[in-house]
Amino acid sequence: MTIQEWTAKIKNKDLFISSAFIDGGWVSAQGGATFDVYEPSTEEVLGKVANLNRDDIKRAIVSADAAQREFYKTSTAAGRSLLLRKWNDAILANADDLATILCLENGKTFLEAKGEITYAASFVSWFSEEATRAYGETIPSSYANTTVLTLKQPVGTCAIITPWNFPAAMITRKVAPALAVGCSVVIKPPSETPFTCLALTKLAVDVGIPAGVIQVVPTKDREAATELATNPLIRKLSFTGSTGVGKMLTKLAAGTMKKVSMELGGNAPFIVFEDADLDLAAEAAMFCKFRCSGQTCVCANRLLVHKSIAPAFTAKLVKLVNALKLGSGMNPSTTIGPLVNRSGVTKVAKHIRDAVAKGAKIEAGGKEPSGPGFFHEPTVLSGVTADALVAIDETFGPLAPIFEFESEDEAVTMANATEFGLAGYFFSRDIGRVLRVAAALECGMVGINTGKISAAEAPFGGIKESGVGREGSLYGMAEYQIIKSVTIGNTHL
Ligand code: SIN
């Protein structure tokens, strides 16, 4: 099928938008600049989107700042909760169109895209409920006739910079808590996948979220984007992406002491102990490693398998991987889609070449299919050595490298031998080991006997160089609030 035939499947054509959204209007960049967005399975241009310059972004920030003050002054928590509920309902009502747009710009399968839309809506629903629970406290004072209170207030205008791997869910996981507490947001969507963000914004405004409190500033101009980290009107910066860019943005944000949330890179270990249920572990590895073609920051990057069960586990995994069907995400029979761009494919190939040169064996896949599209075969490597690149570097692609270990201590030491600390997984039926290893893994999130840890109610975030802050859950809202301490003295008067 052609791109035109695929885009024809979008029923509500108003959702396929290529303009920026500034000060309540859908606008072009000053001078009319645009950038191309590609459909990953054909490498064809899907559309051209407004490429904003620094002045455009400044204008959005000034407008969002004014809108935030008005929004917080004139809305109640219950009112903001209701707006989010309506946004949730609109997202779910338009799930097929949103999933088509997401699938076309990101490449993940339509089924995965539809799952992501539900996942994205779950954050809106969750924070709709949390909006009315922004409780402060009363604190017994050490002074006579004095009461201490805390007020939780919105931090102000927030810059939101999101990644291409979850074009919908990473928008809602940040924007919903911000709106719940009365902040405004200026969103820079990823240049690979801006269309889903623009469609979600249209739905938000259609249900009555005041136009100025959401602004969308697509740009490919890195220098223009730094305005989001330096402008003094921005009081909070939330970023999901690489550790390198996260460090750079944190340094820039420090210039005006902005609050920051950084969801950065990972190098997740996935440990299979000798007492694990191997069928369960192999199924979970499939989800955890190959979801979104291996392009999630909580993906298993290193499969650490006890030597005694490595051949049996490898055989089970290889069987499942060989059953995957690589193709366009829009094709209903596809079970694994392309990567988002050419550099993603190049990195997978580089990690395979390097590991094989150091002694690893290709058990499944291993090749880049010929023809157009950013495809790489899902691949399993056995006998990977500790000096392989993939041991220290996140592949962000469909490569499952199997390393062997001989004791629990060795497995934990291997798991923690990374500067990252986002997610970690292990499989065991020994309760003592479950508690020991959960405590010993140096990461912000642990999955035990499951590869599925992401949900609106579960705190999401890392330690070490995987970042700071938590998203989703009851902690996610605090990232967009300040705690103001109010002391009332001489209450006897
Ligand atoms: C991410 O990869 O950035 C998010 C993954 C998730 O929410 O599961």
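The values are calculated or read from the model by the stated rules, or taken from the named source; none is laboratory data. As the structure is a computational prediction, the values presented were derived from the model and not from experiment. Every residue, glycine among them, receives a Cβ derived from its backbone with ideal geometry; neighbour counts consider all protein chains shown. Side chains are part of the model used for accessible areas, which takes the heavy atoms of the whole protein and leaves out ligands, DNA and RNA. Shrake-Rupley method; radii C 1.70, N 1.55, O 1.52, S 1.80 Å.
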Given the protein chains as shown and a 1.4 Å probe, how many square angstrom of T314 are accessible, to the nearest 10?
10
Tilt relative to the chain, helix 77-93 - C-alpha long axis, 0 to 90 degrees, to 10
40
Relative contact order as a percentage, the chain, C-alpha pairs under 8 Å and 6+ apart, gives 18
11 Å beta-carbon shell around G424, net charge (K/R +1, D/E -1)
0
Whenever you get a sec, compute what percent of the accessible area on the stretch 245-293 sits on carbon and sulfur atoms (1.4 Å probe).
66
Provide the per residue accessible area, probe 1.4 Å, for the chain, rounded to a whole number of square angstrom.
39
Estimated 222 nm signal from helices in the chain, with DSSP H stretches of n ≥ 4 weighted -39500 (n - 2.57), rounded to 500
-11500 deg cm²/dmol
Leaving ligands, DNA and RNA out of it, report the carbon-plus-sulfur percent of the accessible area of the stretch 323-459 at a 1.4 Å probe.
55
Row for the stretch 258-338, column shape: gyration tensor on C-alpha, a ≥ b ≥ c, rounded if a/c < 1.5 i.e. under 1.5, prolate if a/b over b/c, else oblate; value oblate
The distance between the Cα centres of the stretch 458-493 and the stretch 2-69, in whole Å, is 33
Grab the eigenvalues of the alpha-carbon gyration tensor for the stretch 68-189, scale each by 5, take roots, and send me the semi-axes largest first in whole angstrom.
35, 14, 13
For the stretch 42-96, the accessible surface attributable to carbon and sulfur atoms (probe 1.4 angstrom, ligands and nucleic acids excluded) amounts in percent to 54
Which order do R69, R291 take by accessible area at a 1.4 Å probe, largest first?
R69, R291
Return the percentage of antiparallel bridges among DSSP beta bridges fully within the chain, rounded to the nearest 5 %.
45
Translational diffusion coefficient of the stretch 121-177 at 37 °C, 0.692 mPa s, Stokes-Einstein with Kirkwood Rh over Cα pairs, in µm²/s as a whole number.
231
Need one value: the accessible area of V37 in square angstrom, 1.4 angstrom probe, rounded to the nearest 10.
0
Charged-residue dipole, Cβ positions (Lys, Arg, Asp, Glu), the stretch 62-102 about Cα centre, Debye nearest 20
280
Per residue, how big is the convex hull around the C-alpha atoms of the stretch 1-53? Give it to me in cubic angstrom, could you?
84
Per residue and in Å³, how big is the convex hull formed by the alpha-carbon atoms of the chain?
152
Rounded to the nearest 10, the angle in degrees between the Cα long axis of helix 342-357 and the longest principal axis of the Cα atoms of the chain comes to 40
Dipole magnitude of the stretch 50-118 about its Cα centre, charges +1 at Lys/Arg Cβ and -1 at Asp/Glu Cβ only, in debye to the nearest 20?
380
Where nothing but the Cβ of Lys and Arg (+1) and of Asp and Glu (-1) is charged, how large is the charge dipole of the chain around its Cα centre, in debye to the nearest 20?
960
Area projected by the alpha carbon convex hull of the stretch 277-399, averaged over all directions, nm²:
7.4
Let me check I've understood the local charge: for S328, count other residues with C-beta under 14 angstrom from its C-beta, Lys and Arg +1, Asp and Glu -1. What total comes out?
-3
Once label points are set 7 Å from the Cα along Cα→Cβ at both S343 and K9, what is their separation, rounded to one decimal in nm?
2.9
Cα axis of helix 431-440 to longest principal axis of the chain: angle in degrees, 0 to 90, nearest 10?
60
